[in-house]
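Remarks on the structure that follows.
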Amino acid sequence: MIHDRKGAASMRKSCCKVNGMSKIRVENVSYAYRNSYREAPVLRDVSVSFEEGKFYAVTGESGSGKSTLLSLLAGLDLPQEGEIYVNEKEMKKLDRDRLRQKEVAVIYQSFQLFPLLTALENVMYPMELNGMKKSEARKKAEKYLRKVGLADSIEKHFPKTMSGGEQQRVAIARAMAAGGDILLADEPTGNLDSENEDNIIRILRALVEQEGYTVILVTHNQQIAALADVQYQMRDGKLLEKEA
Amino acid sequence: MIFRNSMKQLFRTPIRTLAMFLLIAVSTALFILGLLLFWWNQRDIVEFEDSFTTIGTVEQIPDSVEVKELWNNNKDRYAYYTQKIYGEWTKASVLDFEGADYLLPPKKRPYFISLYPGLDEKVWNKVGGGHSVYTVAEVVANETKPVDSIQVHVTKVLSGQSELLNYDIYIGDIYHKDPDTMEAGKTYIVELGGISSSQDVGEAIANGLLYSETDPMQMMSIGSSQYTIEDEPIGKEAGEILFEEVTDGFYETKHGKAWMYESESDMTKTMWSMLPVRPVESTNQLMAFHTKKAAVKAGNDINEEEYKNGSDVCLISTQFAELMELNVGDTISLPLLYAMYQTAPSQNFSVDGGGSFNMEMLNANFEPYQVFDNDEYKIVGIYEMKALEDSAFGLAPYEVIVPYRSVTGDWSNNIVTDGPMSIGTTVFQIPNGTTLQFEKAWKEQGIDNLNITFYDGGYSAFQNAIKDREMMSYILLLGGGIATLVILALFGHLQIVRQRNRIFIERALGMSKKKCRKSMLSGMYLVMAGGVAAGGILSFLMTDSVIKKVESKSMYDTTFSSGTAEAIAFTSQISGEVKGVCILVGCVIVIAGAFVMHHQYVNRILKGEPMELMEKEE
Ligand SMILES: Nc1ncnc2c1ncn2[C@@H]1O[C@H](COP(=O)(O)OP(=O)(O)OP(=O)(O)O)[C@@H](O)[C@H]1O
Ligand SMILES: [Mg+2]
């Protein structure tokens, strides 16, 4: 990866230059929340490239636009300006529902599990949605749950009877179940104690190292961010690379 | 899979789902019951309004009732009788006042008399025992004497009892105290009444049983009872003649001709051939029909169209049909001769076949009346009068009822009786339920010599009952409808709005809007459809008992129709078909309502990009 370094500043603006296979490429993206009264610009001319099999961390002050960026990467909305490429395909031209269903999974601080479905059913959901047979989905779901270190006994539990750490692990298992290799994690440990936090980060690292996932982690925790391959900071609507 | 998960999640909150099912069922049932009751009510209201009419009768109150005296030569003393004295006859136009809204305007309506060939003999046969015969004859006075009682010799019988020819009889005018004098040997023309057709005249006279000096044969004056359409008594003004001397050329004179006409009119035959023909705008304006004492038993009542077009159709009585052997579909000829403005036919034609008429055969010119309308009438129905009565509320035994407009001839020169407005001649119709209003407005007119009486057949009492029922149907319909809406909204809120995050998760997992919609709604719809169906069944089971309850509470606490004819039967049953349709319509409305409302809920959430759904995390 080549970074354009200019001057002595420790913060550098990342460049759009590409080397090798880029998983997600963001080009001159600007985004503003709009409602009838006002327009609130959040992202200004952001360009960045996320490469396959790497662990990225994005930090930044609250309200700086980290979640917004992740949402755009997941195709939950389109930027007003610029373009996002996923596997070198233009997002605008993609079926974004299909993209989330098969390629890009997101996990959230608040876990976002179906409250009325059990742990197992939550994990089965995306597979069944992809047309997998129920019995097969069940087997695979059990496998994913084991992978994130959850005991069989948890399978029949509903989210509200599980700890935060357990819930987030179910969420990761569900993200894996979708079958893609991009995981966007928006402060996944924000609601967890440090022990659980370590646990989750270990799982995410393992995904990158063992399964070849590209993980983009948004976090407030600098120590955790430091564990990533590449660190970015969001400031004034720009994404700046942080020196290791 | 989506549907399965949708259902699965619903049953993870079983109490809420069961509550949804039950509430929908109950509110749908109420709504359907409301619909059914509403329909039932509307139908009954229509039937109800159609089956009632509000008729008013008008009667002029006499200024006074006076005792009159009538001289009787036989008894040599006065007989006394009472007579109602009306100053001026009040015109019906006074009833044309602000605030009066008539369906049938008040006016004096005549009935007509047609001379029906053969009726006289049929009636005579039926009644039996003979009838009085009127005789026009030339007599020669045997003495010179005032005609209170005088012996004469019958020299010529022009019409009537021909057996009187060549007999010496006593005749007299017993009702005038100082009658004119006949001179012995002179020939006079007279009209005599009071002899019965069944008597052997010769024998009766020989035995002195009839027409003695103290009991002479009644002399009858000839004259006219004609009125103009403006109530002018031009007949009475033309005078009356009791007897007249027959001289050469007498029959060429006006009076001579009048006697000839009188003779030719053959009062005996005329009196018994008279058939009352009553023109009406609706049988309901006849009190006998209005009170259900008379009803059409065979064929049909005259219909609206026939009234409107003035078709030549008629209703006849069972008595007349039997007497003349007539049936529905037969045609009768009704040449109309007299117009009667004083009374209803039942007040002239009595139940036993007789009658009393205050009329003369000749018009004010002492000429016979001419037929003013002559049509063939088709019998469309035969009515039965349950209890015959001679009052103004009754019907004459042979009364023929025809549409008012079917009589197109001008009868203004054929009016033989007239009188002030009375129950027998003057009725009007106002919209049901407006009597109080009418009476109030009428009072303000300050006219106090008219008696107005309303007959609504029990409408007012009935109306209250039906109003109660209508109220109930509105409450059920509105209550059920609103309850259903509220319940749908509540569940839409609980299942959709409160679970909007589920939509976000689904969207984040890459579910399309369409799939989201299915995921949110399919399970709900199944439960609702079940609830609606249960509601339909519930309403089906409840209808009869609810209706019975409503019915017993409101319908039969009124004593409708005290008449002898059956009361109108209000069908309390709702047919299976109607029930089915109402239930189906009710269910469809509820389901459609749920569909529209809940789609609305989901669509509002689904609108826009999923990003907007993300809950802000602090
Ligand atoms: N749906 C929205 N409509 C309007 N403005 C929004 C919306 N979501 C976020 N914003 C605004 O956009 C800006 C960026 O929000 P974003 O959630 O991306 O920040 P963040 O960096 O993720 O903050 P945090 O660390 O608190 O999660 C904030 O000012 C926020 O108020
Ligand atoms: Mg955020």
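Tabulated values for the structure
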quantity: Over 44 Å [Cα-Cα, the protein assembly as shown], rounded percent; calculated: 59
quantity: Loop sites in the stretch A:159-244: GluC sites (Glu not before Pro), DSSP, at most 16 other Cβ within 10 Å; calculated: A:E243
quantity: Prolate/oblate/rounded label for the stretch A:82-230 (Cα gyration tensor, a/c 1.5); calculated: oblate
quantity: Charge dipole (the stretch B:130-269, unit charges on Cβ, about Cα centre) - positive-most of B:Q151, B:L164, B:G185; calculated: B:L164
quantity: Residue exposure sequence - B:K378, A:K156 - by fewest surrounding Cβ within 10 Å; calculated: A:K156, B:K378
quantity: In degrees, nearest ten, helix B:2-11 long axis to first principal axis of chain B (Cα); calculated: 80
quantity: Rounded D (µm²/s) - the stretch B:361-505, Kirkwood Rh over Cα pairs, Stokes-Einstein at 4 °C, 1.567 mPa s; calculated: 56
quantity: q = 0.14, 0.19, 0.26 Å⁻¹: log10 I(q)/I(0) that the Debye formula gives for the stretch B:226-287, counting C-alpha atoms only; calculated: -0.69, -0.98, -1.11
quantity: Cα centre as origin, Lys/Arg/Asp/Glu Cβ charges: the protein assembly as shown dipole, Debye; calculated: 10900
quantity: Least to most buried among B:S522, B:S575 (fewest other Cβ within 10 Å first); calculated: B:S575, B:S522
quantity: Computed [θ] at 222 nm, helices only, for chain A once each DSSP H run of length n ≥ 4 contributes -39500 (n - 2.57); calculated: -9500 deg cm²/dmol
quantity: Residue-count net charge about A:A177 - beta-carbon cut-off 15 Å; Lys, Arg +1, Asp, Glu -1; calculated: +3
quantity: Total formal charge among the other residues, if their Cβ is under 11 angstrom from that of B:W259, Lys/Arg +1 and Asp/Glu -1; calculated: -3
quantity: Local net charge near A:Y56, Cβ-Cβ under 15 Å (Lys/Arg +1, Asp/Glu -1); calculated: -3
quantity: Range of Cα positions in the stretch B:226-365 per principal axis (Å), largest first; calculated: 59, 35, 29
quantity: Sites A:E83 and B:Q42 - FRET efficiency at Förster radius 41 Å, r taken between beta-carbons, to 0.05; calculated: 0.05
quantity: GluC sites (Glu not before Pro) restricted to DSSP loop in the stretch B:171-251 with at most 13 other C-beta within 10 Å; calculated: B:E183, B:E213, B:E230
quantity: Three principal axis lengths of the stretch B:130-269 [C-alpha, angstrom, descending]; calculated: 51, 34, 31
quantity: Magnitude of the charge dipole, chain B, Cβ model with Lys/Arg +1 and Asp/Glu -1, debye to 20; calculated: 7440
quantity: Centre separation in Å (Cα based) which lies between the stretch B:194-266 and the stretch B:8-52; calculated: 80
quantity: Footprinting exposure proxy for B:S162, B:S346, A:S49 (fewest neighbouring C-beta atoms within 10 Å first); calculated: B:S162, A:S49, B:S346
quantity: Point-charge dipole on Cβ atoms (K/R +1, D/E -1) for the stretch B:130-269, about Cα centre, debye to 20; calculated: 200
quantity: The stretch A:40-136: GluC sites (Glu not before Pro) in DSSP loop, at most 13 other beta carbons within 10 Å; calculated: A:E61, A:E88
quantity: Virtual spin-label span in nm between B:N365 and B:E232, 7 Å along Cα→Cβ; calculated: 1.5
quantity: Rg/Rh (Cα only; Kirkwood hydrodynamic radius) as it applies to the stretch B:1-121; calculated: 1.52
quantity: Helix-only mean residue ellipticity at 222 nm for chain B, each DSSP H run of n ≥ 4 adding -39500 (n - 2.57), per residue, nearest 500; calculated: -12000 deg cm²/dmol
quantity: C-alpha center-to-center spacing [the stretch B:472-506, the stretch A:35-67] in angstrom; calculated: 40
quantity: Residue pairs, from the table B:K386/B:K443; B:K308/B:K440; A:K140/B:K8; B:K68/B:K292; B:K68/B:K440; B:K91/B:K308, whose Cα atoms sit over 30 Å apart; calculated: B:K386/B:K443; B:K308/B:K440; B:K68/B:K292; B:K68/B:K440
quantity: D_trans [Stokes-Einstein, Kirkwood Rh over alpha-carbon pairs] for chain B, 20 °C, 1.002 mPa s, µm² s⁻¹; calculated: 69
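None of the figures in this text is laboratory data; all of them are computed from the coordinates on show. Only a predicted model underlies this, so the values are computations on that prediction, with no experimental measurement involved. Because the Cβ atoms are built from the backbone with ideal geometry, glycine has one as well, and the counts that use them run over all protein chains shown.
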